[in-house]
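S.K.: Starting off with a structure, shown below.
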Amino acid sequence: MMAANTLIRHITIQRQSLRQLETQLNELQANCTHQFTETTTHRECEKCRLLESLHY
Ligand SMILES: [Zn+2]
């Protein structure tokens, strides 16, 4: 079993890299020329996976 300090360090690192990935995805989605596929409840961009609800 890993010590608490080690686990906390891992969690911190993972959170930072998760935030980085989310930022990258947001930038990608902001710059995408969307190509949506519609389902009954949502539409999703085939290229960047941006999901939009069709419920207003
Ligand atoms: Zn897109």
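The values are calculated or read from the model by the stated rules, or taken from the named source; none is laboratory data. The structure displayed is predicted, hence computed values, not measured ones. Note that each Cβ is placed from the backbone with ideal geometry, even for glycine, and that neighbours are counted across all protein chains shown.
S.K.: Do we find that residue 30 is away from the ligand (no atom under 16 Å from the Cβ) and at pLDDT 95 or above in this structure?
M.R.: Against the criterion (away from the ligand (no atom under 16 Å from the Cβ) and at pLDDT 95 or above), residue 30 does not qualify.
S.K.: Next question. Could you list, in sequence order, the residues of region 33-42 that are surrounded by fewer than 10 Cβ atoms within 10 Å (Cβ to Cβ) and at pLDDT 95 or above?
M.R.: Listed by number, the residues that qualify are 33, 37.
S.K.: Going by what's in this entry, would residue 21 be described as in contact with an Asp or Glu (Cβ under 9 Å, 6 or more places away or on another chain) and exposed (fewer than 11 other Cβ atoms within 10 Å of the Cβ)? Even if it seems obvious, please write down each step before you answer.
M.R.: Numbers: in contact with an Asp or Glu (Cβ under 9 Å, 6 or more places away or on another chain): no; exposed (fewer than 11 other Cβ atoms within 10 Å of the Cβ): yes.
Against the criterion (in contact with an Asp or Glu (Cβ under 9 Å, 6 or more places away or on another chain) and exposed (fewer than 11 other Cβ atoms within 10 Å of the Cβ)), residue 21 does not qualify.
S.K.: Here is a further query. For region 33-56, how many residues meet the condition of being more than 9 Å from the ligand (Cβ to nearest atom) and more than 14 Å from the chain's Cα centre (by Cα)?
M.R.: Going through region 33-56 one residue at a time, the tally reaches 11.
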